[in-house]
Amino acid sequence: MKNIFFITGIGTDVGKTIVSAIITEALKADYWKPIQAGDLAYCDTLKVQRLVDNAKTQFHKNSYALQTPMSPHAAAAIDGVQIQSNAVTIPETDNTLVIEGAGGLLVPINDKETIVDLIQPDHKIIVVSRHYLGSINHTLMTLELLRQKRYTIAGVVFNGDPNPSTEDIILEMSGVRMLGRVNDEPEITPEVITRYADAFRETLETL
């Protein structure tokens, strides 16, 4: 297996799936969402599959596919199952692998573990940050938690139109690398993903 990228966000609905699609297309990587909670008819795997436009990418089955759009621990309880991190087995592939997390790092998956417990030492973490009041705090806390746990932070992707004062202070205080930006787009289509993939590819290939 080549590089493994774990895509996390500073919260819910910050653009992890769009960024995952861009990185998957840029590197012609495989894609895997270990835990899907809710929206199974149009889950994140299907969204990425419809946005990616290459013949190499393989899409791997969720370890847990839960019915209710809630925190994984709560959705699992409704479904009568218990999520165990040791049951979340990384798919076998010789290709680069993009793993998309669920929510932020401290979203519970059971009574004792959170999403961060799914990350392995060899994973390269890409943090997706979206601008809103409080996003500086949430981004810096996410990066600090990863640093405390000694994970490899590949960099941050900003989702949304430029906000220099926010971005500059995040990069200065954290010392992380900005990998790119996804601007607010009127519609996310395969063509849009391909355009960003082309723009991100050179930087991603250096990681």
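Each Lys and Arg contributes +1 and each Asp and Glu -1, all at the Cβ; summed about the Cα centre of the chain, the dipole is approximately 400 debye. Farthest toward the positive end of the dipole of the chain, out of Val88, Ser135, Pro34, is the Cα of Val88, where the dipole comes from beta carbon charges about the Cα centre. Counting only protein heavy atoms, what percent of the accessible surface of the chain is carbon or sulfur at a 1.4 Å probe? Taking all protein chains in place, the chain shows 49 percent carbon and sulfur surface. Along the stretch 57-68 the Karplus relation, 6.51 cos²θ - 1.76 cosθ + 1.60 evaluated at θ = phi - 60°, assigns HN-Hα couplings of 4, 10, 10, 9, 5, 4, 6, 9, 10, 9, 7, 9 Hz to successive residues, with x for each Gly and Pro.
In terms of accessible area, using a 1.4 Å probe and ignoring ligands and nucleic acids, Lys16, Lys112, Lys124 rank largest first as Lys112, Lys124, Lys16. If only the Cβ of Lys and Arg carry +1 and only the Cβ of Asp and Glu carry -1, the dipole of the stretch 138-207 around its Cα centre is close to 520 debye. Of Ser20, Ser63, Ser165, the order by accessible heavy-atom surface (1.4 Å probe, DNA, RNA and ligands excluded), from most exposed downward, is Ser165, Ser63, Ser20. Sorting Ile18, Ile126 on solvent-accessible area from highest to lowest, probe radius 1.4 Å, gives Ile18, Ile126. Karplus-derived 3J(HN,Hα) values for the stretch 133-144, using 6.51 cos²θ - 1.76 cosθ + 1.60 with θ = phi - 60°, are 4, x, 5, 4, 4, 5, 5, 5, 5, 4, 5, 5 Hz; glycine and proline are entered as x. Among beta bridges from DSSP that stay inside the chain, the antiparallel ones total about 5%. The distance from the alpha carbon centre of the stretch 1-38 to that of the stretch 124-194 is 14 Å, rounded to a whole number.
Charges at C-beta only: +1 for Lys and Arg, -1 for Asp and Glu. How large is the resulting dipole of the stretch 82-185 about its Cα centre, in Debye rounded to 20? Intermediate results must be reported in sequence, preceding the final value.
Working: 8 positive and 14 negative charges, 61 e Å.
Using only the charged Cβ atoms, the result is roughly 300 debye.
Computed over the chain with a Gaussian network model linking Cα atoms closer than 10 Å, the most mobile of Glu92, Glu100, Glu25 is Glu92.
Tell me whether the chain comes out rounded, prolate or oblate; compute the Cα gyration tensor, take square roots of the eigenvalues as a ≥ b ≥ c, and use a/c under 1.5 as the rounded threshold. Since a/c stays below 1.5, the shape of the chain is classed as rounded.
Using a 1.4 Å probe, what is the accessible area per residue for the chain, in Å²? Please report the intermediate quantities before stating the final value.
Details: 9890 Å² over 207 residues.
Dividing the accessible area of the chain by its residue count gives 48 Å².
The values are calculated or read from the model by the stated rules, or taken from the named source; none is laboratory data. Please read all numbers here as calculations on a predicted model, not as lab measurements. Cβ atoms come from the backbone with ideal geometry, glycine included; neighbour counts cover every protein chain shown. These area figures cover heavy atoms from the full protein model, side chains too; ligands, DNA and RNA do not enter into them. Shrake-Rupley method; radii C 1.70, N 1.55, O 1.52, S 1.80 Å.
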